[in-house]
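The values are calculated or read from the model by the stated rules, or taken from the named source; none is laboratory data. Owing to the predicted nature of the structure, the values given are computational and were not obtained by experimental measurement. A quick note on method: Cβ atoms are made from the backbone with ideal geometry, for glycine too, and the neighbour counts reach across all protein chains shown. Side chains included, ligands, DNA and RNA excluded: accessible areas come from the protein's heavy atoms. Shrake-Rupley method; radii C 1.70, N 1.55, O 1.52, S 1.80 Å.
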Amino acid sequence: MPLQYNEFYNEQTGLTIGLKKLLFSEQSEYQLVEVYETDTWGNLMTIDDMVMLSERDEFVYHEMLAHTAMFTHPNPKRVLIIGGGDGGTAREVLKHASVQHVDMVEIDKTVVDASKLHFPGVGDFDNPKLNVLYEDGIAFVKSVQTPYDVIIIDGSDPVGPAEGLFEKDFYQFCIDALSDDGVLTAQTESPWVESYYPSMKKVFYALDDLFPISKMYISYIPLYPAGMWSMACASKQEDPLGDDVQKRISSSSDWLAGLKYYNTEVHKAAFALPNFVKEIISR
Ligand code: SPD
């Protein structure tokens, strides 16, 4: 019998990944963090038996979560990442020349330690603009004094320590912690996994109530449940589908050519939602 990792997301239906060996396993104060060497996906991190990232497909998630927010803001200087302990979202944020300071607030140091050891190509932890704090992201957002231009919620699934990242109260604190033209993106689970619909609805209804502009967008991440993944983009002023955003993306074509998923066309197309997805968050 080959060694396999299985994540079941619909009773008996799930995802199977071939494994070579277990590289890391630690029950932290918050969760079970494991890293495997896989057959064809590079190293794979799971938290409480749910896939967080693989070396081969992590670029989709991190590019889409980071650049959608960063290009929607006209001049992002201060950025807050809640979660994101593997460093992939910060790596993408730090590609933007306007950025002066990034606070990454990860509750679990074990995630950062495992990432530095087993995903050396993912994070940019030595970048002097990056400040890593090991704290509860919700408590941190409540106490923000100097506003951020962009807040990115790169949390885990809505079970365990990340549950609060799907609550309206949390987004109220986020809007207060954003500058007047602030932009927020958040990971919001798979449109194919019905057990997550209540959490998705909570986030989108909250953003719709709190922000002048809020939209869902989607991307394709093979090792996440069912491969289709949703994200939220909420903004105080700029529409992510506005002409200025498209101009900003196009004028960065020199370094954007180095990305593997995100580009001008993908930014726009990601906001085109199939009807069954629209239905999940319609009110
Ligand atoms: N089930 C996957 C949920 C995605 C959680 N975030 C992944 C962290 C990658 N930086």
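Brief remarks follow.
- Check on Met52, within 22 Å of Tyr196 (Cβ to Cβ) and either of a type outside the set (Asp, Glu) or buried (at least 24 other Cβ atoms within 10 Å of the Cβ) (or both): yes
- Among the conditions (1) within 13 Å of the ligand (Cβ to nearest atom); (2) open to solvent by less than 10 Å² (accessible area, probe 1.4 Å); (3) not assigned by TED's automatic domain parsing to the domain that holds Leu165, the only one that Met104 does not satisfy is (3).
- Restricting attention to the stretch 216-255, the residues that are under 19 Å from the mean Cα position of the chain (by Cα) and over 30 Å from Thr46 (Cβ atoms) total 2.
- Residue match in the stretch 60-69 (condition: open to solvent by less than 20 Å² (accessible area, probe 1.4 Å), in contact with a Pro (Cβ under 9 Å, 6 or more places away or on another chain) and of a type in the set (Ser, Thr, Tyr)): yes
Okay, residues lined up against (1) assigned by TED's automatic domain parsing to the domain that holds Val93; (2) closer than 16 Å to Pro120 by Cα; (3) away from the ligand (no atom under 11 Å from the Cβ); (4) among the hydroxyl-bearing types (Ser, Thr, Tyr):
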{"site": "Asn10", "(1), (2), (3), (4)": "no, no, yes, no"}
{"site": "Leu15", "(1), (2), (3), (4)": "no, no, no, no"}
{"site": "Lys21", "(1), (2), (3), (4)": "no, no, yes, no"}
{"site": "Tyr36", "(1), (2), (3), (4)": "no, yes, yes, yes"}
{"site": "Gly42", "(1), (2), (3), (4)": "no, yes, yes, no"}
{"site": "Asp48", "(1), (2), (3), (4)": "no, no, no, no"}
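- When the residues of the stretch 146-175 are filtered to those that are away from the ligand (no atom under 15 Å from the Cβ), in a helix (DSSP H, G or I) and among the aromatic types (Phe, Trp, Tyr), the one that is surrounded by the most Cβ atoms within 10 Å (Cβ to Cβ) is Tyr171.
- Pick from the stretch 235-260, criterion under 26 Å from Tyr171 (Cβ atoms) and part of a loop (DSSP other than H, G, I, E, B), ranking: least open to solvent (accessible area, probe 1.4 Å): Pro240
- Between Lys129, Lys142, Lys116, Lys77, the distinction of being at pLDDT 95 or above and either under 27 Å from Leu223 (Cβ atoms) or not assigned by TED's automatic domain parsing to the domain that holds Phe271 (or both) belongs to Lys116 only.
- Between Val112, Val99, Val79, the distinction of being within 15 Å of Val183 (Cα to Cα) and either open to solvent by 20 Å² or more (accessible area, probe 1.4 Å) or without any contact (Cβ under 8 Å) to a residue 60 or more places away in the chain (or both) belongs to Val99 only.
- Verdict on Phe271 being at pLDDT 95 or above, open to solvent by 20 Å² or more (accessible area, probe 1.4 Å), aromatic (Phe, Trp, Tyr) and not in a loop (DSSP other than H, G, I, E, B): no
- In the set Ser195, Ser190, Ser179, only one residue is outside the structural domain of Asp49 (by TED's automatic domain parsing), over 18 Å from Ser28 (Cβ atoms), within 13 Å of the ligand (Cβ to nearest atom) and not in a loop (DSSP other than H, G, I, E, B); that residue is Ser195.
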